[in-house]
Amino acid sequence: MRGEHHGMSRDDAPETPETPATLPPLSLAVASAVSGVSVPTLRKHLNAGALPGAKVEGGPHGVAWAIDPAALAAFVGERYGRPIDLAGLPATPPASAPRKQAETESAAELRARLEATLVELGRYRALAESSDAADARVENILSARIAELTAERDTAQAKAEEAAAELERVRARGFFARLFGGSG
């Protein structure tokens, strides 16, 4: 590994049963995934020399970091107080997929999420449209009922006025005429 070194080298890293010397250096992304520390934070520690690592040529942006797994485990344990299980890491670096393939997989995942979101949006639109239609039906039913009640009120009011007029006619007749049924 040719490049600029920051901190301890791979030869200086202690060998433990969890981090054998056969583990290859980790990329910044893998180190982040393994440690649970964000890439920008790890990069900050690497640039400051707090986390040992080496800059190597040939990364997707020209320069990449190579981080010793044992050094990463020691740093995260000391700095963040949590152990890292490196037992599941392969003894040889995985063949890296071309960047375009990784982006395509991400695009496929995003496309699937977008399609699911569009289906959900369609459901909400259908609910909103059916809700609008239901609201219109309820409004029509209520308007018809209001018209019926208004007509009943007007009829009752007309009957009350007729009854009041009849009462006035009866009162206008004299007492004896009302008593004996004559027109008086």
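The values are calculated or read from the model by the stated rules, or taken from the named source; none is laboratory data. Being a predicted model, the structure only gives us computed values, none of them experimental. All Cβ positions, glycine included, derive from the backbone under ideal geometry; neighbour counts span all protein chains shown.
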Residue check: is PHE180 at negative phi and at pLDDT below 85?
-> yes
Mind checking which residues of the stretch 25-41 are assigned to a loop (DSSP other than H, G, I, E, B) and either under 16 Å from VAL63 (Cβ atoms) or in contact (Cβ under 8 Å) with a residue 40 or more places away in the chain (or both)?
-> PRO25, SER27, GLY36, VAL37
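For (1) surrounded by 20 or more Cβ atoms within 10 Å (Cβ to Cβ); (2) of a type in the set (Asp, Glu); (3) modelled with pLDDT under 85, each residue gets a yes or a no:
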{"residue": "VAL34", "(1), (2), (3)": "no, no, yes"}
{"residue": "LYS44", "(1), (2), (3)": "no, no, no"}
{"residue": "LEU51", "(1), (2), (3)": "yes, no, no"}
{"residue": "ALA54", "(1), (2), (3)": "yes, no, no"}
{"residue": "PRO60", "(1), (2), (3)": "no, no, yes"}
{"residue": "ALA66", "(1), (2), (3)": "yes, no, no"}
{"residue": "ALA74", "(1), (2), (3)": "no, no, no"}
{"residue": "GLU78", "(1), (2), (3)": "no, yes, no"}
{"residue": "PRO83", "(1), (2), (3)": "no, no, yes"}
Cβ-Cβ under 7 Å pairs, at least 6 apart or on other chains, the stretch 134-151 side in contact (Cβ under 8 Å) with a residue 60 or more places away in the chain, far side among the hydrophobic types (A, V, I, L, M, F, W, C) and assigned to a helix (DSSP H, G or I) | none
Examine the stretch 89-98 for a residue that is at pLDDT below 85, out of contact with any Cys (no Cβ under 8 Å at 6 or more places or on another chain) and more than 17 Å from PRO25 (Cβ to Cβ), and state whether such a residue exists.
-> yes
For GLY122, work out the one condition from (1) closer than 26 Å to PRO25 by Cα; (2) assigned to a helix (DSSP H, G or I); (3) at pLDDT 60 or above it doesn't fulfil.
-> (1)
